[in-house]
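Report on the following structure.
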Amino acid sequence: MVLEATMICIDNSEWMRNGDYSPSRFQAQADAVSLICGAKTQSNPENTVGILTMAGKGVRVLATPTSDLGKILSCMHGLEMGGEMNLAAGIQIAQLALKHRQNKNQQQRIIVFAGSPIKHEKKALEMIGKKLKKNSVALDIVDFGEDEDGKPEKLEALLTSVNNNDTSHIVHVPAGQNALSDVLISTPVFTGDGEGGSGFAAAAAAAAAGGVSDFDFGVDPNIDPELALALRVSMEEERARQEAAAKRAAEEATRQEKGEEAQPQSDSQNATMNATEKASDPMDEDDALLKQALALSMNIPGSDSSAGDAQMSEATNDDQEFALALQMSMQDGSKDSSAQSDVSKVLGDQSFMSSILSSLPGVDPNDPKVKDLLASLPSQSEPQEKKDEDEQPKDDK
Amino acid sequence: MDVIKTQQISSRPIEKVIVHPLVLLSIVDNYNRVAKDTRKRVIGVLLGTSFKGTVDVTNSYAVPFEEDEKDPSIWFLDHNYHESMFSMFKRINAKEHVVGWYSTGPKLRENDLDIHRLFHNYVPNPVLVIIDVQPKELGIPTKAYYDVEEVKENATQKSQKDITLVVKITPFSPANRSGTLA
């Protein structure tokens, strides 16, 4: 968002009648000029743009640097072509006009459209360039139209004499399919000194090219940074929400398993009631199966947390608010897992377990096997749940 | 501008230019502030009325003007400034029109004709008044000119002739108005 005062030097000489740029060189130039004016005023509302014509009866200033876009566009209207371009006079008068800019803090820039042959000598152009450099005026040259011997060299010489810290650029636009303005959009003429002042231009290009843009969500962060940020945050939140939902689904599944644990226990109770001798065996089988199942479920929460961690780091890099939102969702997850652990604590509670087991007719709490079982229960409580889940579908089948 | 007035202006060549003291004072003051010890000159617009060959200059203001010392064909006059300024002046006194322009000279320069041509956009018959801000002799420090088109063989060519218009410096008084401005 460089604060800039720009003077655009238009070539309205006879050479501009040529139609090798559609619809005519002059029209292509006019489109490019209006795009540049729009881009400059959009990148910084205090920017001013002025226009002068170099050919015709003589160098004529159509508009002194102003930020009123309407005035600039209206003075472009009804221009006549004729005569020869006077590049040196045009640039010098542009420099004088910039000297009288209202806001002295604005950077001075001249954009020259050189479409016709240049009759000045290289030396003369270099002198002008040096004077511009002394007054810290940046110069952008658009070389298009007539391709005469020595023209690129002269313009390059002019550019090197003006250039100071790479603030000045030259663009060679050959005739062809692409419109002059489209080619210019991607050049430093529009994008300035590395600043993203091309938001307007990029949008125009996107509209022209049919919505092809390099930016996420099809919104240029330069045009509408708030919109782009909002879109990004909502995408992340959606992702977080989905994962939280998945987590909750997994938890519910595990809770269901815990809920079913009572059933398998009652089943095992029945089983033990029926099979007095093999009271511990079903439990052991249950344990083994449950161990496997719970191992699986443990992996899922584990993977969830790792994904959550990755997301968290991403979030902290991107957005503070978003990080906060994720933290909250993570807390929810952790709450659930703590709930899980609560349940497992309950299961692991030996007294409780022993009381349950003692209620089983075939089980003797003092049985070493049972004691082992009790000891391993806390760690196996979740495997138990999963085993039950596996059992249930098996039973159903 | 009235239709009648324009006819009168274009039909009668200018014979007399009356410069009011306020104009002289503001021009000299501006010059002393801006370009006193330099070789630059100050240029501005003259406002007033014109009737039957007599131009009555009642007000003036300077405009941003730059010219290249080495190359007289390079000059820049901020006409946007002039247009804005004139529209504001018109609000306080609708009878004052642009009648011409002034330069602190001290003499005529090459690009004066080009600048004069620019003022043809604002008034059909502009008058140039050269004010000598550092007069060496006693007398009226102003000289007024207008341009004349000379047809030279093949093409028309504008040239400026030294028309020593009778320039009077009169203090403003109702008697001098003689019903022209009323």
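The values are calculated or read from the model by the stated rules, or taken from the named source; none is laboratory data. Everything numeric here is computed off the predicted structure, so don't read it as measured data. Here the Cβ positions follow ideal geometry from the backbone for every residue, glycine too, while neighbour counts run over all protein chains shown.
Okay, here's what the table says:
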quantity	calculated
Conditions (1) buried (at least 16 other Cβ atoms within 10 Å of the Cβ); (2) within 14 Å of another protein chain (Cβ to nearest Cβ); (3) modelled with pLDDT under 90; number of the one not met by A:Thr41	(2)
Selected residue (criterion: surrounded by the fewest Cβ atoms within 10 Å (Cβ to Cβ)) from residues of the stretch A:223-250 that are under 16 Å from the mean Cα position of the chain (by Cα) and charged (D, E, K, R)	A:Glu226
Any chance A:Val2 is buried (at least 18 other Cβ atoms within 10 Å of the Cβ), of a type in the set (Val, Ile, Thr), outside any helix (DSSP H, G or I) and touching a strand residue (DSSP E or B) at 6+ places or on another chain (Cβ under 8 Å)	no
Residue under evaluation A:Val142, criteria (1) part of a loop (DSSP other than H, G, I, E, B); (2) touching a residue at least 60 places away in the same chain (Cβ under 8 Å), criterion not met	(1)
Verdict on A:Ala63 being within 14 Å of another protein chain (Cβ to nearest Cβ) and closer than 20 Å to A:Val162 by Cα	no
Flag if B:Ile27 is within 14 Å of chain A (Cβ to nearest Cβ), crowded, with 19+ Cβ neighbours inside 10 Å and modelled with pLDDT of 85 or more	no
Exclusive hit being out of contact with any strand residue (DSSP E or B) (no Cβ under 6 Å at 6 or more places or on another chain) and away from chain B (no Cβ under 14 Å), set A:Gly78, A:Gly58, A:Gly70	A:Gly78
Filtered residue count, the stretch A:92-113, keeping only those that are within 10 Å of another protein chain (Cβ to nearest Cβ), touching a residue at least 40 places away in the same chain (Cβ under 8 Å) and closer than 25 Å to A:Phe26 by Cβ	5
Those strands (runs of 3 or more DSSP E) lying entirely in the stretch B:48-149 with at least 2 residues crowded, with 20+ Cβ neighbours inside 10 Å and more than 14 Å from chain A (Cβ to nearest Cβ)	B:54-62, B:97-103, B:127-131
Count - residues of the stretch B:63-118 that are touching a residue at least 60 places away in the same chain (Cβ under 8 Å) and of a type in the set (Val, Ile, Thr)	2
Selection from the stretch A:145-168 of residues that are assigned to a loop (DSSP other than H, G, I, E, B) and over 34 Å from the mean Cα position of the chain (by Cα)	A:Gly145, A:Glu146, A:Asp147, A:Glu148, A:Asp149, A:Gly150
Residue match in the stretch A:67-84 (condition: modelled with pLDDT of 90 or more, touching an Asp or Glu at 6+ places or on another chain (Cβ under 7 Å) and crowded, with 18+ Cβ neighbours inside 10 Å)	no
Count of the stretch A:30-66 residues which are out of contact with any helix residue (DSSP H, G or I) (no Cβ under 7 Å at 6 or more places or on another chain) and assigned to a loop (DSSP other than H, G, I, E, B)	7
Number of the condition not met by A:Thr53 [criteria: (1) facing another protein chain (nearest Cβ under 10 Å); (2) modelled with pLDDT of 90 or more]	(1)
Yes/no for A:Asn165 being surrounded by fewer than 16 Cβ atoms within 10 Å (Cβ to Cβ) and at positive phi	yes
